[in-house]
Amino acid sequence: MSRVDVLMPQMGESIAEGTVSKWLYRRVKEPVADGAEVVTPIGEARLAREGKDVSIVTYGATVWKSLDAAVQLEQEDGVSVEVLDLRTLLPMDDAAIMRTVRKTNKVLIVHEDTRTGGVAGEIAARINEQAFEWLDGPIMRVTAHDVPLPYAPTLEDFVLPQTDDIVKAVRWLVKY
């Protein structure tokens with residue numbers, strides 16, 4: 001098995017050999033078979049984890065935090081969380097989003113963008129238009145704060161959604 005490293009630095013950052021200018025989140029490593037062609041279908045979401053109590057709709061780096069939260073919630077609270085990885089935002093896989101809404105009836109949207117003007121508002125609007133009657137609670141969002149992303153790692157952690165933020169939101173939504 002060979003290995004592929006995918007590295008996506010933030011805009012304006014540089015990667016120099018032997019240096020790390022900032023925490024390189026979005027760094028994912030997975031084994032890939034030699035000679036295998038890996039293609040991400042455009043506009044097709046991936047069900048990253050099946051669940052029955054709450055759906056998390058997410059993409060990018062927050063997929064991994066959402067999966068961590070789902071494991072924690074199952075172990076500590078017995079809550080079964082479904083995680084839908086959108087993979088692409090345009091076109092967006094409305095059918096996959098509506099399937100998970102109909103299945104769990106409760107939705108949390110998680111992303112690293114700011115709350116104001118972030119794609120969570122668009123996803124929530126689509127759910128309201130296409131599957132409102134299936135909802136058993138409000139559509140919740142866990143997003144970055146409405147501030148510029150700071151450089152200091154501790155401040156960055158404060159601004160960006162963390163696993164604990166996701167766990168807290170799911171616990172609130174389950175009780176609704």
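No lab work stands behind these numbers, since they all come straight from the coordinates. What you are looking at is a predicted structure, and each value in this text was computed from that prediction instead of being measured. All Cβ positions, glycine included, derive from the backbone under ideal geometry; neighbour counts span all protein chains shown.
Within a 10 angstrom radius of the beta carbon, how do Val107, Val71 rank from fewest other beta carbons to most?
Working: Val107 27, Val71 13.
Ascending number of Cβ neighbours within 10 Å: Val71, Val107.
For Lys65, go through the aspartates and glutamates and keep the ones whose alpha-carbon is under 17 Å away, minus same-chain ones fewer than eight residues off.
Result set, ordered by chain and number: Glu30, Glu50, Glu74, Glu76, Glu82, Asp85, Glu112, Asp113, Glu156, Asp157, Asp164, Asp165.
Under 5 Å between amide hydrogens, which residues at least 5 positions from Val107 or on another chain qualify, with H placed 1.01 Å from N in the peptide plane?
Ser55, Met140
Pulled fully out, how much extra length does the chain show between Glu76 and Gln162, if you take 0.36 nm times their separation in residues and subtract their Cα-Cα distance? Mind dumping the intermediate values first?
Numbers: separation 86, 0.36 × 86 = 30.96 nm, distance 1.74 nm.
Residue separation times 0.36 nm, minus the Cα-Cα distance, leaves 29.2 nm.
Work out from phi, with θ = phi - 60° and the Karplus expression 6.51 cos²θ - 1.76 cosθ + 1.60, the ³J(HN,Hα) of each residue of the range 48-60, listed in order in whole Hz, and give x for Gly and Pro.
Rounded to whole hertz, the list is 6, 7, 7, x, 9, 9, 9, 10, 10, 9, 8, 6, x.
Quick one: compute the contact order of the range 27-176, relative version, from alpha carbon pairs under 8 angstrom and 6+ residues apart, as a percent. Write down the numbers at each step before the final one.
Values: 260 pairs, mean separation 37.6, N = 150.
Answer for the range 27-176 is 25 percent.
Find the all-direction average of the projected area of the Cα convex hull for the range 46-175, expressing the result in square nanometres with one decimal place.
Values: hull surface 29.8 nm².
Its Cα hull, projected and averaged over all orientations, spans 7.5 nm².
Over the alpha-carbon set of the range 28-92, work out the extent along each principal axis and list the three values in angstrom, largest first.
Answer, in whole Å and largest first: 42, 29, 18 Å.
Once each part is reduced to its C-alpha centroid, what is the distance from the range 30-49 to the range 94-138 in angstrom?
24 Å
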